[in-house]
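Below you'll find the structure, written out as structure tokens, and then a few comments.
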2 protein chains.
Amino acid sequence: MTEEHFLNGVSVTQLLNTIDRIRNSPEIAKFKFRVTNRWLDGTHCQGTVQHFYGALEEDTQRAPKTYDMDEPPVLMGKNQGQNPVEFLLVALSGCLTTTLVAYASAKGIHLKDVQSWYEGEVDIRGFLGISHEVKAGYQKIRVGFRIDADIPEAEKEELVRLAQRHSPVFNTIVQSAPITVHLEK
Amino acid sequence: MTEEHFLNGVSVTQLLNTIDRIRNSPEIAKFKFRVTNRWLDGTHCQGTVQHFYGALEEDTQRAPKTYDMDEPPVLMGKNQGQNPVEFLLVALSGCLTTTLVAYASAKGIHLKDVQSWYEGEVDIRGFLGISHEVKAGYQKIRVGFRIDADIPEAEKEELVRLAQRHSPVFNTIVQSAPITVHLEK
């Protein structure tokens, strides 16, 4: 029995065990995440997260958690929630941060503080159907990281690179992912 | 003076006025959305949304709103928040729904109910760096819509197509978007 080893609040023991188990049985690595959405009124809707599938089983431990989304008045809403493109940046921020912290922990780097900012540019002519030449999605997203740790600058740069290489949300956006949408009868 | 006309809680008057104003002055259509993130401990971090830029001015009306993100225990977390890939699906759900409702309103279609579900598949071998052949991001995302409205099935299908064509989050994922990340000194 070895004692569980933590760094930056991450169980490095569990991380390495998980990697070992997945090497032997790649099926463990397959996860399915899910959300349901209900429209309320105008630009106000709610997304709900609860169960997921992963590590060969359905996880039903979590209570449902609901997020309100709405638009600001300039986009015909009432600010009853943040808007969906802001939620996309929230997702990106969490994923790059978590990935960076996981890799730092695996490398034995002690982090004191990690902060980051995100800015995405959208031209709403795409959303409004005013111009077919304008992309509906984000045209570009800029991110800045500030890492406080007693390591050389080059190691901080390496952590930022590893976060980009391995972050699921970052790569869903940069490499794209297919989405199939169907209407239920 | 014409009276403001609402459908599905959307001000169709404002929607059409906005389109007119943007046709005359496309600069109005440029928006910048922003998030900041602070790592707390382990896989737990917080994303915060507050101001944005759009319609030629900085919007500073909203109080800051913070979202906790964490991983479930099987992914080395403590469920202190939903995880970033789930937030991505929340964003997608809000954006497709809002876009669908906006187009229905512009077309004069009265909606009784709109519900949808989302499922994304991730193989965490990409996140963990176990295999370079496995994508780090979502491999695919499936979406189903249920629309209650007194319109023919073909019109519901058309709404689902319009939502996909014009949703900013949907198109950020499907068409991809460039993300530049830098380390602040």
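Bear in mind that the values in this text are calculations on the coordinates, not laboratory data. Everything numeric here is computed off the predicted structure, so don't read it as measured data. Every residue, glycine among them, receives a Cβ derived from its backbone with ideal geometry; neighbour counts consider all protein chains shown.
A few points about this structure:
- Taking the label point 7 Å along Cα→Cβ, residue B:112 and its counterparts in the other copies are spaced 6.2 nm apart, in ascending order.
- Under a 5 Å amide H cut-off, with hydrogens placed 1.01 Å from N, residue B:83 pairs with B:70 among residues at least 5 apart or on other chains.
- Label point 7 Å beyond Cα along the C-beta direction, distances from residue A:140 to other copies (nm, shortest first): 3.4
- Computed E for residue B:161/residue B:21 - FRET, C-beta separation, R0 22 angstrom, nearest 0.05: 0.25
- In this structure, the residue pairs whose Cα-Cα separation is over 29 Å, taken from A:32/B:185; A:156/B:140; A:78/B:107, are A:32/B:185; A:156/B:140.
- Measuring nothing but how far apart in sequence close Cα pairs (under 8 Å, 6+ apart) lie, relative to its length, chain A scores a relative contact order of 15 percent.
- Here the peptides B:140-147, A:21-28, B:154-161, A:163-170 are ranked by packing, the mean other Cβ count within 10 Å, and the order with the highest first is A:163-170, B:140-147, B:154-161, A:21-28.
- Long-range amide H partners of residue B:59 with built H, under 5 Å: B:52, B:53, B:54
- For the stretch B:103-166, convex hull volume per residue from C-alpha positions, Å³: 99
- Within the protein assembly as shown, DSSP assigns beta bridges of which about 85% are antiparallel (rounded to the nearest 5).
- Kirkwood analysis of the stretch B:1-113, using all unique Cα-Cα pairs, places the hydrodynamic radius at 17.2 Å.
- Using θ = phi - 60° and Karplus 6.51 cos²θ - 1.76 cosθ + 1.60, couplings along the stretch B:136-152 (whole Hz; Gly, Pro as x): 6, x, 4, 7, 7, 10, 10, 10, x, 10, 10, 10, 9, 7, 7, 9, x
- Using R0 = 35 Å, the C-beta based FRET efficiency linking residue A:133 and residue B:68 works out to 0.35.
- Distance between the pseudo-spin-label points of residue A:148 and residue A:175 (7 Å out from Cα toward the beta carbon): 3.4 nm.
- Ordering of B:94-105, B:69-80, B:118-129 by packing [mean C-beta count within 10 Å, highest first]: B:94-105, B:118-129, B:69-80
- Other protein chain Cβ atoms within 10 Å, averaged over every residue that makes up A:46-52: 6
- For the stretch A:1-41 versus the stretch B:55-110, the gap between their alpha-carbon centres in whole angstrom: 23
- Estimated vicinal HN-Hα couplings, Hz - the stretch B:38-51 in sequence order (Karplus 6.51, -1.76, 1.60; Gly, Pro = x): 10, 6, 9, 5, x, 9, 9, 8, 10, x, 10, 10, 9, 7
- Shielding of B:129-136 by partner chains, average beta-carbon count, 10 Å: 5
- Compactness index (Cα Rg / 2.2 N^0.38 Å), the stretch A:72-133: 1.64
- DSSP assigns beta bridges within chain B; of those with both partners inside it, close to 95 percent run antiparallel.
- Counting Cβ atoms of other protein chains within 10 Å of each residue's Cβ and taking the mean over peptide B:147-159 gives 1.
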